[in-house]
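Only one structure is covered here, and it is reproduced in the block below.
The values are calculated or read from the model by the stated rules, or taken from the named source; none is laboratory data. In this text, all values refer to a predicted model and were calculated from it rather than measured experimentally. FYI the Cβ positions are ideal-geometry reconstructions off the backbone, even for glycines, and counts take in every protein chain you see.
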Amino acid sequence: MTKFHGHNRRSFLRSGAVCIGLPLLDAMLPVGLRAEQKAVALRPKRILLMCRSLGLHTPYLFPEKAGKDYESTRYLKVLEDFRQDFTLFSGMSHLGYGGGHHTDKALLTGISAEDWNNHKNTISLDQEIAARVGAETRFASLVLGDSNNLSWNRRGMAVPGEGSIKGVFKKLFIDGTPAEVEQEIQKIATGNSILDGVRDQARGLSKSLSPADRRRLDLMLTSIREAEQRLQQDEAWVRRPKPKVSEADAKLFAEDPRRMIDRERQWFDLVHLALQTDSTRAITVNHWSHQENLQMDGITLTHHDASHHGQDETKLQQLATIEEAEMKLFAGFLAKMKATDDGGRPLLDQTLVLHASHLGNASSHSGDNLPIILAGGGFKHAGHVAFDRKNNMPLSNLYVSMLQQMGIEADKFGASIGAVSELGITA
């Protein structure tokens with residue numbers, strides 16, 4: 001009979017409606033594992049797939065030179081600290097789709113042009129991975145964001161997603177009757193913590209753990225508290241009365257939505273928590289901000305209006321300010337992932353992070369030359385991989401490589417014609 005160190009793999013901290021899954025710890029592994037076996041067990045692969053629904057202005061993203069020694073563009077300067085941690089691809093797309101906002105439905109399925117034209121869809125990359133590894137975690141996958149057009153099952157049916165940040169937080173950490181769940185959320189809103197009821201358990205557990213395990217546990221609890229604080233701030237703004245406006249101004253905005261940047265930051269926080277606690281190993285996030293009031297200094301347009309710039313310089317400058325802010329959030333997320341220990345390696349090294357869009361040029365609704373960034377995941381990253389801008393490489397080829405890096409045998413996905421040989425593997 002296999003002996004364990006004393007903590008089951010599915011160990012939790014529990015108090016009332018609160019149920020917090022622990023990250024994978026040394027103490028959960030069978031006794032007697034060799035160092036290399038323990039290292040493999042502590043490092044499961046994960047995947048995060050993100051869509052920028054309005055693309056990125058690629059002249060500010062793609063450098064002129066291919067390879068690792070490119071000169072950083074305006075957007076890449078924001079990611080300069082992570083130059084060795086990601087690959088930027090140009091000249092990739094799903095061939096034959098045409099363009100338009102509606103092509104987000106096939107961004108992660110990569111179906112053939114014939115199927116696209118016949119309105120047929122199939123399984124998305126996240127759900128393919130969830131079907132293979134989803135049984136190992138509490139949630140097979142998480143589908144997040146304000147518009148859920150990314151995830152599809154094998155029958156081509158949309159997978160329902162979660163657009164509520166509060167709802168995802170509940171799903172991850174609070175388990176109970178609807179009344180119990182609401183009670184815990186109200187505690188958070190008034191400045192308390194769901195951690196209050198489990199602190200003694202955490203302290204007791206910590207005494208029996210190795211220094212490395214204690215660091216993992218402390219980091220997880222700190223991340224939960226930070227996410228709670230963001231939720232408190234969000235609740236405070238919801239409750240605070242809005243300024244009175246004239247009837248004419250009121251007609252301009254039927255509602256004053258929360259800031260896009262704040263929402264994106266919270267999504268990143270929750271994704272980090274879900275991955276850090278090994279709650280799931282497959283996540284999609286649709287960063288959709290079609291008509292939001294951005295509430296940013298110097299920005300007078302909606303994101304959608306700025307993205308449909310028609311080469312108007314004023315709109316382009318506002319778009320660059322918006323997208324630069326988004327890239328800074330992405331950089332912050334990469335920094336947090338890189339700083340998080342995951343079985344002796346950074347969590348970023350164990351997580352394939354795809355930052356993509358179905359639009360190469362939102363202004364013209366083009367679906368060619370998509371802005372594709374692949375970070376982390378244990379790849380030997382290649383800097384800027386530049387495929388033919390006129391005869392694009394199928395994006396589905398990259399998906400084959402990603403499946404293989406997840407440990408899934410695959411030589412085909414969607415309309416792929418191979419894999420991407422430009423990516424090496426370090427682990």
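Some observations on this one:
- Among the residues listed as GLY383, GLY360, GLY377, GLY367, the single one being touching a strand residue (DSSP E or B) at 6+ places or on another chain (Cβ under 7 Å), surrounded by 23 or more Cβ atoms within 10 Å (Cβ to Cβ) and modelled with pLDDT of 95 or more: GLY377
- Contacts under 8 angstrom Cβ, first residue in region 296-311 being in contact (Cβ under 8 Å) with a residue 24 or more places away in the chain, partner part of a helix (DSSP H, G or I) and small (Gly, Ala, Ser), 6 or more apart: MET296/ALA325
- If you go through region 400-413 and keep only what is in contact with a helix residue (DSSP H, G or I) (Cβ under 8 Å, 6 or more places away or on another chain), at pLDDT 95 or above and more than 20 Å from LEU348 (Cβ to Cβ), you end up with LYS412, PHE413.
- Whichever residue in region 70-93 is assigned to a loop (DSSP other than H, G, I, E, B) and in contact with a strand residue (DSSP E or B) (Cβ under 7 Å, 6 or more places away or on another chain) and, among such residues, is surrounded by the most Cβ atoms within 10 Å (Cβ to Cβ): GLY91
- Filtered by the rule that a residue be assigned to a loop (DSSP other than H, G, I, E, B), buried (at least 16 other Cβ atoms within 10 Å of the Cβ) and either among the polar types (S, T, N, Q) or touching an Asp or Glu at 6+ places or on another chain (Cβ under 8 Å) (or both), region 118-162 gives ASN121, THR122, SER124, THR137, SER141, SER147, ASN148, ASN149, LEU150, SER151, ASN153.
- Of the strands (runs of 3 or more DSSP E) contained entirely in region 344-427, those carrying at least 2 residues that are touching a His at 6+ places or on another chain (Cβ under 8 Å) fall at 372-376.
- Once region 278-329 is narrowed to residues that are assigned to a helix (DSSP H, G or I) and basic (Lys, Arg), the residue that is modelled with the lowest pLDDT is LYS315.
- For the criterion of being under 25 Å from THR222 (Cβ atoms), among the aliphatic types (A, V, I, L, M) and in contact with a helix residue (DSSP H, G or I) (Cβ under 9 Å, 6 or more places away or on another chain), LEU195 passes.
- In region 146-166, the residues that are closer than 15 Å to LEU108 by Cα reach residues that are surrounded by fewer than 16 Cβ atoms within 10 Å (Cβ to Cβ) and among the basic types (Lys, Arg) with C-beta atoms within less than 8 angstrom, at least six apart or across chains, in these pairs: GLY156/LYS120.
- Between LYS244, LYS187, LYS251, the distinction of being modelled with pLDDT under 75, loosely packed, with under 12 Cβ neighbours inside 10 Å, part of a helix (DSSP H, G or I) and basic (Lys, Arg) belongs to LYS251 only.
- Residue in region 341-357 that is touching a strand residue (DSSP E or B) at 6+ places or on another chain (Cβ under 7 Å) and more than 26 Å from MET220 (Cα to Cα) present: yes
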